[in-house]
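Down below is the structure, laid out as structure tokens.
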Amino acid sequence: MISAGIDAGSRSIKVVLLDLDTHQVLACGQTNQGVHQEALAQDLFLHLLEQTGVDQSNLRGIIATGYGRNLIGFADTTVTEITCHARGVCHTVPSARTIVEIGGQDSKCIRLNGDGTVRDFAMNDRCAAGTGRFLEVVAARLGVTLDALGALAKHAKSPAHISSTCVVFAETEIIGLLASGAAPADIVAGVLIAVSTRVGAMAGRHVEDPVLFTGGVALIPGMVDCLKETLGHPVCVAPEPQFTGALGAALTSASP
Amino acid sequence: MTHCDADGPHEWFRRMISNCLQYARAAHAEGRPIIGIMCEFTPREIIMAAGAVPVCLCGGSAATIPAAEEHLPANLCPLIKSTYGYSVLRNNPFLEMASLVVAETTCDGKKKMYELLSERYPMYVLELPQKPHEDSGLAQWCETLRRFKAELELRFGVPITDEALRAAIANMNQERRLRRELAALMKADAPPLTGRQLLDFKSRVAGMERDLVQLELALVALRSQTELPARQNRVRVLMTGVPMVHGAEWVLDLVEDHGGLVVALENCTGLKPILEDVDESSDDPIHALAVKYYHLPCSVMSPNDDRLNLIRELALEYRAECVIELVWQACITYDVESYRVKRLVQEEIGVPYLGIETDYSVSDSARITVRVEALFEAVLQRRRSGSPAAPVSAVQEARPDDKT
Ligand code: SF4
Ligand code: SF4
């Protein structure tokens with residue numbers, strides 16, 4: 001039997017097909033988010049089915065998660081991102097105790113019990129400052145792609161200090177920094193620090209090892225190092241962190 | 001019984017505002033003073049014994065808040081702003097009818113708002129001592145109530161007899177008893193009511209005869225209800241925190257719309273003020289009143305251990321599977337106290353905890369929904385695994401700015 005997890009995030013939609021008998025991921029795919037969310041998700045889903053040759057009759061469940069989960073009409077059920085990230089992480093790293101997830105428009109810190117169930121969570125979905133949105137704004141301002149952003153930060157000599165706690169004001173601040181001749185690399189490094197500071201504040205002082213980092217932002221080079229520094233704990237990037245939520249969703253149909 | 005009363009208690013309380021208005025207007029026309037109140041510390045019995053009608057003026061509408069913000073800071077509890085907004089707009093008919101507004105020195109926001117309100121309305125503010133376990137505090141509160149009684153006698157030219165006080169006490173004890181017994185129905189595995197339906201069995205006018213009749217009818221009907229709605233799958237929730245006054249019930253509705261059943265409401269619009277009665281046999285009724293009202297475990301009291309004890313008892317009695325605490329934005333006392341509540345729930349009671357901080361605008365509902373759903377997923381996972389109480393909790397990171 002096969003299950004499908006669909007993570008309808010703010011920036012992109014991720015789909016994972018999971019073999020429930022072997023717990024092997026059969027396929028995963030990602031597409032940019034758009035207006036016709038459900039159609040985009042369905043296209044991707046059907047594409048993966050075709051690619052793997054899985055027959056629809058073998059499907060045991062389609063589970064949607066992410067902020068757009070309720071808009072995925074062809075899903076059988078929905079589960080929150082919090083539960084899904086916990087499931088996804090514990091599948092690959094059963095010993096995990098803390099999850100930091102930074103997505104396109106929110107971020108969360110989840111603490112787990114010994115059995116992998118959710119013990120505690122804090123979530124920021126009101127302010128863009130601790131989220132991927134901040135990085136997008138900066139990338140656009142500097143005229144680089146999101147992927148190139150982290151690479152750029154590697155060349156930083158002295159990270160710029162971003163004092164604004166709001167992305168809109170920070171953007172103004174960045175314009176000022178650029179005008180005064182600050183190097184783009186230093187600005188990016190400063191922004192990475194600003195993002196992890198916000199996330200660190202949300203996580204509070206109750207971070208327990210091992211800490212796993214999930215969400216698309218975990219892929220940005222340099223981000224994990226910043227997070228380590230702010231949290232004062234070793235942090236591992238989860239395997240394929242952008243798919244953790246979708247994987248977790250698929251897993252919930254194994255044992256709900 | 002009039003036609004209106006005949007369609008049952010649910011319908012009766014659905015028309016609560018118009019029932020109260022009709023009652024207050026009739027009383028007003030007869031020359032009985034209407035007295036506005038804004039807190040559960042107010043001893044309604046003294047007002048009733050003066051022949052006056054105590055009416056709750058607490059605002060539950062987001063619509064009056066912009067008007068309030070012409071005078072008040074934006075960063076203030078929505079309950080205070082909404083209440084005050086009505087005075088700016090002059091559209092709370094009860095307030096406009098009131099000969100006096102009675103209030104207490106509770107939280108700072110309210111106290112300072114009362115100063116502004118008193119510029120336009122006759123007000124009497126009772127000084128509430130805030131150390132609940134000190135005898136001197138109780139003695140002072142008792143003196144305050146005696147002065148309040150004298151003030152009413154003088155102002156309205158009526159003597160307040162012990163006999164009248166005792167009658168009012170019996171009346172209010174009856175109201176408290178009926179509401180308490182209705183609430184106790186929620187202890188059942190499949191309660192005959194939702195938390196919202198129970199919350200609606202409440203009135204702005206205290207001790208109204210026709211309300212009591214309807215509460216009695218509701219109790220009889222619900223007790224004999226044989227076909228109970230299947231509610232076993234719902235997550236049993238204890239809600240605590242700030243009051244949810246009429247019109248501001250949206251968080252409770254959200255909880256119940258997403259798989260929860262609020263079996264116990266430990267706040268000023270729920271169980272907190274109705275659990276203790278006033279001693280009817282006391283030969284000093286004012287003292288008996290002082291004792292009852294002084295025991296109210298509101299977060300303005302310090303230390304407020306009685307509230308924690310109450311939450312512990314209610315969680316057990318009502319078999320709560322999780323605790324959700326609601327704090328209105330900028331309510332400092334409940335916000336600070338939530339740390340103790342969370343610790344108690346997680347570490348002692350051993351069930352999941354969710355703290356929600358929000359205001360009267362429903363713009364937050366998507367954000368709160370995801371938290372409530374995640375909480376219930378954790379509860380259901382525990383239910384399925386039959387795991388012993390492993391404390392789960394969640395906090396809503398409403399204002400990340402404040403933490404940095
Ligand atoms: S919470 Fe406190 S201040 Fe508010 S109504 Fe209740 S007793 Fe009064
Ligand atoms: S909710 Fe808090 S701030 Fe608002 S009136 Fe009650 S005690 Fe005061």
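The values are calculated or read from the model by the stated rules, or taken from the named source; none is laboratory data. Remember, predicted model here, so these are calculated numbers, not experimental data. Because the Cβ atoms are built from the backbone with ideal geometry, glycine has one as well, and the counts that use them run over all protein chains shown. What goes into the accessible areas is simple: the full protein's heavy atoms, side chains included, and nothing from ligands, DNA or RNA. Shrake-Rupley method; radii C 1.70, N 1.55, O 1.52, S 1.80 Å.
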- prompt: By a straight-distance test (C-alpha under 21 Å), which lysines pair with B:LYS342 as possible cross-link partners, with residues fewer than eight away in the same chain excluded?
  reply: A:LYS108, B:LYS272, B:LYS403
message: For chain A, what does the accessible surface come to per residue with a 1.4 Å probe? Please give it in Å².
response: 40
- request: Mind computing the radius of gyration and Dmax over the alpha-carbon atoms of the stretch B:10-161? Å is fine for both.
  value: 16.0, 46
message: At 0.36 nm per residue, and after removing the present C-alpha to C-alpha distance, how many nm does the segment from B:ALA184 to B:GLU347 gain when stretched out fully?
response: 56.1 nm
Value in Å of the Kirkwood radius, where the stretch B:87-151 supplies the Cα pairs that are averaged: 13.2
message: Just want the answer: with Cβ charges of +1 for Lys and Arg and -1 for Asp and Glu, which residue in B:ILE311, A:GLY150, B:GLY350 is farthest toward the dipole's positive end in the protein assembly as shown?
response: A:GLY150
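Report, to the nearest whole %, how much of the accessible area of the stretch B:10-161 belongs to carbon and sulfur atoms, 1.4 Å probe, protein only.
In the stretch B:10-161, the share of accessible area belonging to carbon and sulfur is 53 percent.
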message: Give the average, rounded to an integer, of partner chain Cβ atoms located within 10 angstrom of each Cβ in B:367-380.
response: 5
- request: Return a whole-number percent for the relative contact order of the stretch B:1-83, with Cα pairs under 8 Å and 6 or more residues apart as the contact set.
  value: 21
- request: Compare the Cα positions of B:THR240, A:ALA139, A:VAL35 along the charge dipole of the protein assembly as shown (+1 at Cβ of Lys, Arg; -1 at Cβ of Asp, Glu; about the Cα centre) and return the one farthest towards the positive end.
  value: A:ALA139
statement: For A:LYS157, the lysines lying under 28 Å Cα to Cα, once residues fewer than eight places off in the same chain are dropped, come out as A:LYS228
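R0 = 35 Å: FRET efficiency of B:GLU69 with A:GLN37, Cβ-based, nearest 0.05?
Numbers: r = 37 Å, r/R0 = 1.05.
It comes to 0.45.
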- request: May I have the pair-distance distribution P(r) for the stretch A:95-238, computed from all Cα-Cα distances with 5 Å bins from 0 and rounded to whole percent?
  value: 2, 11, 21, 24, 18, 12, 7, 4, 1, 0, 0
statement: One checks the Cα atoms of the stretch A:1-104 and finds Rg and Dmax, in Å, of 13.3, 39
- prompt: Label points 7 Å out from Cα along the Cβ direction at B:LYS112 and B:LEU154: separation in nm?
  reply: 3.0
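Helix-only estimate, please: 222 nm mean residue ellipticity of chain A, summing -39500 (n - 2.57) across DSSP H runs of length 4 or more and dividing by its residues, to the nearest 500. Present the calculation step by step, with values, prior to reporting the outcome.
Details: 8 runs with 98 residues, N = 256.
It comes out at -12000 deg cm²/dmol, rounded to the nearest 500.
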message: Suppose each label sits 7 Å from its Cα in the direction of the beta carbon; what would the A:SER180-A:ASP55 distance come out to in nanometres?
response: 6.8
- prompt: Taking both sides together, what accessible area is buried at the A/B interface, probe 1.4 Å, expressed in Å² and rounded to the nearest 100?
  reply: 2300
- request: Give the whole-number value, in cubic angstrom per residue, of the convex hull volume spanned by the C-alpha atoms of the protein assembly as shown.
  value: 179
query: Per-residue HN-Hα couplings for the stretch B:254-268, Karplus 6.51 cos²θ - 1.76 cosθ + 1.60 at θ = phi - 60°, whole Hz, x for Gly and Pro?
result: 4, 4, 6, 6, 10, x, x, 9, 7, 7, 9, 10, 8, 8, 6
- prompt: Local charge sum around B:GLU337 (other residues, Cβ-Cβ under 10 Å, Lys/Arg +1, Asp/Glu -1)?
  reply: +1
message: Testing the spin-label approximation: label points 7 Å from Cα along Cα→Cβ at A:ASP147 and A:THR22. State their distance in nm.
response: 2.9
message: Counting heavy atoms of the protein chains only and a 1.4 Å probe, report the per residue accessible area for the stretch B:109-229 as a whole number of Å².
response: 47
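Suppose every K and R has +1 on its Cβ and every D and E has -1 on its Cβ; what is the size of the dipole of the stretch A:133-256 about the Cα centre, in Debye to the nearest 20? Mind dumping the intermediate values first?
On the way: 7 positive and 10 negative charges, 27 e Å.
Result for the stretch A:133-256 is approximately 140 debye, rounded to the nearest 20.
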- request: Taking H placed 1.01 Å from N in the peptide plane, check which residues at least 5 places from B:VAL55 or on another chain put their amide H under 5 Å from its amide H.
  value: B:ILE35, B:GLY36, B:ILE37
- prompt: If the stretch B:195-334 were replaced by its equivalent ellipsoid, with semi-axes equal to the square roots of 5 times the Cα gyration tensor eigenvalues, what would those be, largest first, whole Å?
  reply: 26, 22, 15
- prompt: Rounded to whole Å and sorted largest first, what semi-axes of the equivalent ellipsoid does the C-alpha gyration tensor of chain B yield via the square root of 5 times each eigenvalue?
  reply: 33, 25, 21
- request: Mind giving me the FRET efficiency for A:PHE74 and B:ALA221? R0 is 30 Å, r the Cβ-Cβ distance, nearest 0.05 is fine.
  value: 0.10
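Within the stretch B:10-161, count lysine pairs with alpha carbon atoms under 19 angstrom apart where the residues are 8 or more positions apart or belong to different chains.
5
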- request: Please list, in chain and number order, the residues 5+ apart from A:THR77 or on another chain whose amide H is under 5 Å from its amide H, with Hs placed from the backbone.
  value: A:ILE62, A:ALA64
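Can you tell me how much longer the chain between A:SER158 and A:VAL93 gets when fully stretched, taken as 0.36 nm per residue apart minus their C-alpha distance, in nm with one decimal? Each step should come with its number before you reach the end.
Working: separation 65, 0.36 × 65 = 23.40 nm, distance 3.51 nm.
Extra length from A:SER158 to A:VAL93 when fully extended: 19.9 nm.
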- line: With +1 at each Lys and Arg Cβ and -1 at each Asp and Glu Cβ, the charge dipole magnitude of the stretch B:10-161 around its Cα centre, to the nearest 20 debye, comes out at 360
query: With θ set to phi - 60° and the Karplus curve 6.51 cos²θ - 1.76 cosθ + 1.60, what are the ³J(HN,Hα) couplings of the stretch B:196-203 in order, to the nearest whole Hz, using x for Gly and Pro?
result: 5, 4, 5, 4, 6, 7, 7, 10
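Please state the charge dipole magnitude for the protein assembly as shown, taken about the Cα centre, from unit charges on C-beta atoms (+1 on K and R, -1 on D and E), reported in debye and rounded to the nearest 20.
Working: 62 positive and 82 negative charges, 80 e Å.
Once rounded to the nearest 20, the dipole reads 380 debye.
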task: In whole Hz, with x marking every Gly and Pro, tabulate ³J(HN,Hα) for the stretch B:174-180 from phi via Karplus 6.51 cos²θ - 1.76 cosθ + 1.60, θ = phi - 60°.
output: 5, 4, 4, 5, 5, 5, 5
- prompt: To the nearest whole percent, what portion of all C-alpha pairs in the stretch B:1-94 is separated by more than 21 angstrom?
  reply: 47
